[in-house]
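Working notes, beginning with the structure itself.
The values are calculated or read from the model by the stated rules, or taken from the named source; none is laboratory data. Keep in mind the model is a prediction, meaning the values are calculated, not measured. Virtual Cβ from ideal backbone geometry, glycine too; neighbours counted across all protein chains shown.
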Amino acid sequence: DTAVSQTPKYLVTQMGNDKSIKCEQNLGHDTMYWYKQDSKKFLKIMFSYNNKELIINETVPNRFSPKSPDKAHLNLHINSLELGDSAVYFCASSQSRTRQETQYFGPGTRLLVL
Amino acid sequence: GNSVTQMEGPVTLSEEAFLTINCTYTATGYPSLFWYVQYPGEGLQLLLKATKADDKGSNKGFEATYRKETTSFHLEKGSVQVSDSAVYFCALSKDSNYQLIWGAGTKLIIKP
């Protein structure tokens, strides 16, 4: 059983398009995250939700909008895609928000903007 | 502010060699420290963690000890295998909102 799943796994699209990435976790966790990983493997937190409430919103262009319909799902919508948005996007979840908490990652969505 | 510094990669070793990947941190308070591993084409997964000073985390032959006096959490393994080839990330938890602060990652290449 997949703990944290993301769709699609690969996404190739043209500049200016709007796209969405979906994430679901079946671990019963309260907290979910979106990360962006660039070509040098640097990992950057974008957003975090706890029980459907936004708790972390890093400096990310407002073209990126997360949506959490319930605590098992956290989707990422991107408007007006730009070349610099090409990256791997990871969804993750954790049981709660304590400093010992382990984060569980999805397999990633590889976005290529042409 | 809080930060994590890892040794730059790639680190290239022969099979059965001893591995050390250095990680040092800057933090206020008492963070928890983590090592995550990312195998090619996959998401990250927890390798080990330590939640207080002098704790040793261990898993799959890897170990790291939380050293508050040197603010370090170096990853070690006595005998690496080709299957250990991956990118390794050191991270600490941030007290204020429990966000993870990540190192830049160290790519490890093990040659047969």
Task: Of the criteria (1) in a loop (DSSP other than H, G, I, E, B); (2) surrounded by 15 or more Cβ atoms within 10 Å (Cβ to Cβ), which one A:Ser96 fails - done: (2)
Task: Residue check for B:Glu42: at pLDDT 95 or above, in a loop (DSSP other than H, G, I, E, B) and among the acidic types (Asp, Glu) - done: no
Open item on the list: Considering only the range B:18-36, I want to know if a residue exists there that is within 14 Å of another protein chain (Cβ to nearest Cβ), within 18 Å of A:Phe42 (Cα to Cα) and assigned to a loop (DSSP other than H, G, I, E, B).
Closed with: no
Task: Set A:Leu83, A:Leu54, A:Leu76: member being at pLDDT 95 or above, surrounded by fewer than 19 Cβ atoms within 10 Å (Cβ to Cβ) and either in contact with a helix residue (DSSP H, G or I) (Cβ under 8 Å, 6 or more places away or on another chain) or among the aliphatic types (A, V, I, L, M) (or both) - done: A:Leu83
Open item on the list: Of everything in the range A:53-88, what is under 15 Å from A:Ser20 (Cβ atoms), part of a loop (DSSP other than H, G, I, E, B) and either of a type in the set (A, V, I, L, M) or without any contact (Cβ under 8 Å) to a residue 24 or more places away in the chain (or both)? Give them in sequence order.
Closed with: A:Arg63, A:Leu81
Task: Residue check for A:Ser68: hydroxyl-bearing (Ser, Thr, Tyr), surrounded by 14 or more Cβ atoms within 10 Å (Cβ to Cβ), touching a strand residue (DSSP E or B) at 6+ places or on another chain (Cβ under 8 Å) and facing another protein chain (nearest Cβ under 9 Å) - done: no
TODO: Could you grab me the full set of residues in the range A:37-56 that are farther than 13 Å from A:Ser93 by Cα and more than 11 Å from chain B (Cβ to nearest Cβ)?
DONE: A:Ser39, A:Met46, A:Glu53, A:Leu54
